[in-house]
Amino acid sequence: MPEFIFAVCQDCGHRRPFAVRQVTCPKCGSEFAEAEYPLDAREGLLAEWRNRDIGLRRFGPLLPLREPERMITLGEGDTPLIPLDHIGQLLGHPKLYAKDERQSPTASFKDRQAALAVSAMKEAGLTEAVVSSTGNVAIAYAAYCARAGIRLTAFLTPTVPADKMRECALYGAHIIKATTSYDASKKLALRFAEERGLFYDRGLRSIPSLESMKTIAFEIAEQLAALEQRPGAPRYVAPDWYVQSISGGLGPIGVGKGFRELHGLGLIDRLPKLAGIQVDGCAPMVSSFARGLATAERVDEPRTRVSTLATGDPGRAYERVKAYIDAHGGAMLAVSDEDGFRAMHQLAKLEGLSMEPGAAVAFAGVIKLIRSGVITPDETVVINCTGHTFPVEPEVLGQQWWRDWETIDTPAQTGSLTPQAEAEGMPAAISRIDTRVRSIAILEDNADSRRLLRRVLQAHSDFAIHEAADGQAGLRLIREQRPDLIILDLMMPGLDGFGVLDALRADEGLRGIPVIVVTARSLSSDERQRLASQVGAVWQKGEFLDDDLLVEVERALK
């Protein structure tokens, strides 16, 4: 990572080199920081965006990665800006556009967040992570963690649609259904991560997550400029309004930062107004803004069928959204669930855009703002069409792909944690979640092969995985951990796989541990005969599928 990328504390102003694992300010302890780039030094690179790579990677000069060209990607970014001609005609507003994030790999704008956050995790050497989510974040992180070889545990509330839970589980994430509100489930996820020393993604408090959202602003400014199609037109144009539904606030805050950076570079001449739309059954930002409050009053019991927007305690996100609107103009508005569902139907029928309810809420808000005259016909409006859901067939996953979270003395319908649950029930329940009672040692010198084997195993069951990159280290690991199963490569530096097998056979305490050989080596008949008496199975790399290996693993562990 270039040494001139800093994390700047938003409370005391302390500047430190950005590091994924350092989540608090060393000076004041604050968890809130923003990345700082020397914008003047980057202007030349930004001018080359259109000639650099594709997707998010082309914005590498303004992303917190050492090697943005090696970003974990599934094709996120470069989503189209679609004119809403028919809705615009009905409303008498010709300059409405949808930023169609439904076309992201897992069908939501959270793919941008997952791509950058998971890439940063991988650069930092992390192999496990924890998230809490109302659906889209968990799905996106599950997909990108699968590609990166990172084990993901996702805390989801019961209000998350079953289809979204199945989608998340399909990617191999480990699902914990927390029978609490979303705000409470975040506390549970954080405690779970802290007790196990795992990385917990903090959303708005995460610099990679926040930085990912500004790529939406970069693309919008390019796309609006391209739509002008006239000689001498600017290469970047800001809309008059950027509109998005708000839950935790990460999206609008990150997009606003993107427009600020473009303005700082002199690439746009103004900043857009911001409209944040919430549902009236969970609108802590809207109600607090209307009353002129400096901090948000939380909603303890969200009452909405739009689960992705059921964040009752926005915390500092409200202050940052309010600060942007106070400085650059905008509005905050609440619409009903029914308004959102109606907008879903309208956009599908008239524009061919089928979207999730959380996205439709933003469009319902725009309709109200236009009809009330807040948005005028001459203004250009871009609405973030944040996502689209689709079902996953239950038969694909089979049974019991989640684990239930049960809080003590906390009725599920209250959505809150009692003091007794906080003090006694939570730690006890957390300690019962981890069911990784079987352990597997992987002895493999190739890092990519280890990552693949780990992913196959972790996506199948809660195995405790131990790894070693050579035979000597592998023997030490086996003696220390006494695993239930060994997956062994034959070609390793120093002590090879045959030497490991001989050492195991010579040790009375280790010879009973089952071994599966996975190797790229072409074996002679003598070598196969030698292995037959020492291992349970031999697999040639490239000649088996994950299901084949898992059948052998289960057989060996019985």
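When the criteria are applied in full, Ala233 meets the requirement of being without any contact (Cβ under 8 Å) to a residue 24 or more places away in the chain and more than 22 Å from the chain's Cα centre (by Cα).
Somewhere in region 265-284, is a residue assigned to a helix (DSSP H, G or I) and modelled with pLDDT of 95 or more? Yes - at least one qualifying residue is present in region 265-284.
Listed here are the residues, each with its yes/no results for (1) touching a Gly at 6+ places or on another chain (Cβ under 9 Å); (2) assigned by TED's automatic domain parsing to the domain that holds His466; (3) assigned to a helix (DSSP H, G or I).
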site: Val500; (1), (2), (3): yes, yes, yes
site: Gly509; (1), (2), (3): no, yes, no
site: Ile513; (1), (2), (3): no, yes, no
site: Val518; (1), (2), (3): no, yes, no
site: Leu523; (1), (2), (3): no, yes, no
site: Arg530; (1), (2), (3): no, yes, yes
site: Gln534; (1), (2), (3): no, yes, no
site: Gly542; (1), (2), (3): no, yes, no
site: Leu550; (1), (2), (3): no, yes, yes
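One line per residue, one yes/no per condition, for (1) free of Cβ contacts under 8 Å to residues at least 60 places away in the same chain; (2) under 27 Å from Asp313 (Cα atoms):
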{"site": "Asp85", "(1), (2)": "no, no"}
{"site": "Lys95", "(1), (2)": "no, no"}
{"site": "Ala98", "(1), (2)": "no, no"}
{"site": "Glu101", "(1), (2)": "no, yes"}
{"site": "Pro105", "(1), (2)": "yes, no"}
{"site": "Lys110", "(1), (2)": "no, yes"}
{"site": "Leu116", "(1), (2)": "no, yes"}
{"site": "Lys122", "(1), (2)": "yes, no"}
{"site": "Asn136", "(1), (2)": "no, yes"}
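Could you tell me whether any residue of region 59-66 is of a type in the set (Phe, Trp, Tyr), crowded, with 17+ Cβ neighbours inside 10 Å and under 30 Å from Pro38 (Cβ atoms)? Yes, the conditions are met somewhere in region 59-66. Return yes when Gly172 is over 25 Å from Leu63 (Cβ atoms) and more than 12 Å from the chain's Cα centre (by Cα) and no when it is not. Criteria met by Gly172.
Which residue, of Leu477, Leu490, Leu504, Leu452, is surrounded by 14 or more Cβ atoms within 10 Å (Cβ to Cβ), over 28 Å from Glu128 (Cα atoms) and not basic (Lys, Arg)?
Going through Leu477, Leu490, Leu504, Leu452 in turn, the sole match is Leu504.
Kindly indicate whether any position in region 21-34 is at pLDDT below 90, farther than 21 Å from Ala193 by Cα, within 22 Å of the chain's Cα centre (by Cα) and surrounded by 15 or more Cβ atoms within 10 Å (Cβ to Cβ). No, region 21-34 has no match at all.
With the condition kept exactly as written, say whether any residue in region 449-468 is touching a Phe, Trp or Tyr at 6+ places or on another chain (Cβ under 8 Å) and of a type in the set (S, T, N, Q). No: zero hits. Taken over region 304-333, residues that are surrounded by fewer than 21 Cβ atoms within 10 Å (Cβ to Cβ) and over 21 Å from Ser132 (Cβ atoms) amount to 8.
One line per residue, one yes/no per condition, for (1) among the aromatic types (Phe, Trp, Tyr); (2) surrounded by fewer than 23 Cβ atoms within 10 Å (Cβ to Cβ); (3) under 18 Å from the mean Cα position of the chain (by Cα); (4) assigned to a strand (DSSP E or B):
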| residue | (1), (2), (3), (4) |
| --- | --- |
| Ala154 | no, no, yes, yes |
| Asp163 | no, yes, yes, no |
| Ala184 | no, no, no, no |
| Phe192 | yes, no, yes, no |
| Pro208 | no, no, yes, no |
| Ser212 | no, no, yes, no |
| Gln223 | no, yes, no, no |
| Val237 | no, yes, no, no |
| Ser247 | no, no, yes, no |
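For region 45-62, the criterion of being assigned to a loop (DSSP other than H, G, I, E, B) and at pLDDT 85 or above is met by no residue.
The values are calculated or read from the model by the stated rules, or taken from the named source; none is laboratory data. If you're wondering where the values come from, they're calculated on a predicted model, not measured in any experiment. Please note: Cβ atoms are built from the backbone with ideal geometry, for glycine as well, and neighbour counts cover all protein chains shown.
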